[in-house]
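S.K.: Sharing a structure here in structure tokens format.
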Amino acid sequence: LVFAAAFRIDTSTLRGNLKPIGLLALPMPLVTWGALAALLYVAVGHPSGFPWPSALVAGAILVATEPFPLLAKLRKCRFSKRLAVLLEAEGLITITIAVILYHLSLSLAAAGDAGVGLADIALQVMWDLAGGALTGIGTSLLALRLSRRLQGPEHQALVALTAAYLAFLGGEILASASGIVACLLTGWFFGRATRADFSEMQERFQEQFWLFLSHAADALIFLLMGITFTFSLFGERWLAMLIGIGAVVLVRVPQISVAGMAFRLLPGAVALTSKESRSAWVTGLRGAVALALALALPVNLPAWWTIQAIVFGVVFFSLVVQA
């Protein structure tokens, strides 16, 4: 999912908004994480049944926004092309940060009373980003060199698919860093190289190939959600679901307001129009990545079932109301 989104992103439109996106890339997801965790913890109001570490895990999962299902619709109806690219960039950034925060939150929950030092947390996050970036760049250079020697588009697509998984596994296992960051950079490099070096037929094949794979991955994750979902989950955790929905809606409004200020004040950035701002308020969808993280929760985590219910409720709201 991450590779496909990074592969398809339009870098030319993104280039004119790099400063505000760069400013919001790291601080905004971190602030969102803290705000969501605090809202969930206070609103649930059950420190023993829903402790602070569990709230941090839930907040980390809900950081990931996924506007990707809407992008094709936005482009077909000739909506703002820039907004579609900005939403895509937001999705890639928040997914990447959310996965890092998810693992960090699980580590904090596992540490319990022993705790983890702030210096250790900062070093781990920095290495996740730096080590993942180095792994992604290295994998991209090797894979692109091989891909350019091949003529068949199906062979080039196979090289790209192999590179996506090698980057992820290399980042996670060999570098002990973020495989998602490595995968994202590999996808971005491949997308740029495909548009610059390959023929129109080769480029179209690659885009259709990754579009199909992302649709298949989405479908499989939502199938798993359907298998996991039970009426007792809804019956016993409906209030937690409503709290989760309220938290993501409340956080989205100041989030977009701060982003709008950054686009208006930073030099070289074009301010968001009122139509773009209003649309951005309702396009902070949660989808397949949030579901995947919720389904991967360890069952020894306190309140794991409540966290899963919150995520299911927010994703359902995203699909039925926001989308």
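S.K.: Among the residues of the range 27-55, write down those that are of a type in the set (Val, Ile, Thr) and open to solvent by less than 40 Å² (accessible area, probe 1.4 Å). Give the derivation first.
M.R.: In the first step, residues of the range 27-55 are kept if they are of a type in the set (Val, Ile, Thr); the result is 31-32, 42, 44.
Of everything in the range 27-55, just one residue is of a type in the set (Val, Ile, Thr) and open to solvent by less than 40 Å² (accessible area, probe 1.4 Å), namely THR32.
To keep it simple, each residue is scored yes or no on (1) touching a Leu at 6+ places or on another chain (Cβ under 8 Å); (2) at pLDDT below 90.
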| position | (1), (2) |
| --- | --- |
| ALA111 | no, yes |
| VAL116 | yes, yes |
| ASP120 | no, yes |
| VAL125 | yes, yes |
| GLY152 | no, yes |
| LEU158 | no, no |
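S.K.: Sticking with this structure for a sec: Identify the residue in the range 56-78 that is more than 22 Å from ALA309 (Cβ to Cβ) and open to solvent by less than 50 Å² (accessible area, probe 1.4 Å) and, among all such residues, is modelled with the highest pLDDT. Outline the logic, then answer.
M.R.: Step one: list which residues in the range 56-78 are more than 22 Å from ALA309 (Cβ to Cβ), which gives 67-78.
When the remaining residues are screened for being open to solvent by less than 50 Å² (accessible area, probe 1.4 Å), the result is 67-68, 70-71, 74.
Details: PRO67: 82, PHE68: 76, LEU70: 76, LEU71: 74, LEU74: 72.
The qualifying residue modelled with the highest pLDDT is PRO67.
S.K.: While we're looking at this one, here's another question. Read through the list (1) farther than 18 Å from GLN322 by Cβ; (2) surrounded by 16 or more Cβ atoms within 10 Å (Cβ to Cβ); (3) modelled with pLDDT of 80 or more, then give the number of the only condition that SER274 fails.
M.R.: So SER274 meets the others, but not (2).
S.K.: Cβ contacts < 8 Å: first residue under 23 Å from PHE212 (Cβ atoms), restricted to the range 68-97; second residue surrounded by fewer than 22 Cβ atoms within 10 Å (Cβ to Cβ) and among the hydroxyl-bearing types (Ser, Thr, Tyr), any location; separation 6+ or different chain. Result?
M.R.: Between residues of the range 68-97 that are under 23 Å from PHE212 (Cβ atoms) and residues that are surrounded by fewer than 22 Cβ atoms within 10 Å (Cβ to Cβ) and among the hydroxyl-bearing types (Ser, Thr, Tyr), the close pairs are PHE68/SER214; LEU74/SER80; VAL85/THR13.
S.K.: Among (1) surrounded by fewer than 15 Cβ atoms within 10 Å (Cβ to Cβ); (2) over 18 Å from the mean Cα position of the chain (by Cα), where does ALA323 come up short?
M.R.: With (1) surrounded by fewer than 15 Cβ atoms within 10 Å (Cβ to Cβ); (2) over 18 Å from the mean Cα position of the chain (by Cα) applied to ALA323, the lone miss is (2).
S.K.: Looking at LEU239, is it in a helix (DSSP H, G or I), modelled with pLDDT of 90 or more, more than 25 Å from LEU70 (Cα to Cα) and out of contact with any Pro (no Cβ under 7 Å at 6 or more places or on another chain)? Outline the logic, then answer.
M.R.: Values: in a helix (DSSP H, G or I): yes; modelled with pLDDT of 90 or more: yes; more than 25 Å from LEU70 (Cα to Cα): yes; out of contact with any Pro (no Cβ under 7 Å at 6 or more places or on another chain): yes.
Here the answer is yes, as LEU239 does meet what is asked.
S.K.: From THR186, THR135, THR96, which residue is at pLDDT 90 or above, in a helix (DSSP H, G or I), of a type in the set (Ser, Thr, Tyr) and within 21 Å of GLU66 (Cα to Cα)? Steps first, please.
M.R.: Numbers: THR135 fails: within 21 Å of GLU66 (Cα to Cα); THR96 fails: at pLDDT 90 or above.
Testing whether each residue is at pLDDT 90 or above, in a helix (DSSP H, G or I), of a type in the set (Ser, Thr, Tyr) and within 21 Å of GLU66 (Cα to Cα) leaves just THR186.
S.K.: If I go through the range 224-268 residue by residue, how many of them are over 19 Å from VAL42 (Cβ atoms) and either open to solvent by less than 70 Å² (accessible area, probe 1.4 Å) or under 21 Å from the mean Cα position of the chain (by Cα) (or both)?
M.R.: Step one: list which residues in the range 224-268 are over 19 Å from VAL42 (Cβ atoms), which gives 224-236, 256-268.
Narrowing the set further to residues that are either open to solvent by less than 70 Å² (accessible area, probe 1.4 Å) or under 21 Å from the mean Cα position of the chain (by Cα) (or both) leaves 224-226, 228, 230, 232-233, 235, 256-260, 262-263, 266.
Residues that pass the stated criteria total 16.
The values are calculated or read from the model by the stated rules, or taken from the named source; none is laboratory data. Not measured: the values here are computed from a predicted model. Cβ coordinates were reconstructed from backbone atoms using ideal geometry, including for glycine residues, and neighbour counts include every protein chain displayed. Please note that ligands, DNA and RNA were not included when accessible areas were found on the heavy atoms of the full protein model with its side chains. Shrake-Rupley method; radii C 1.70, N 1.55, O 1.52, S 1.80 Å.
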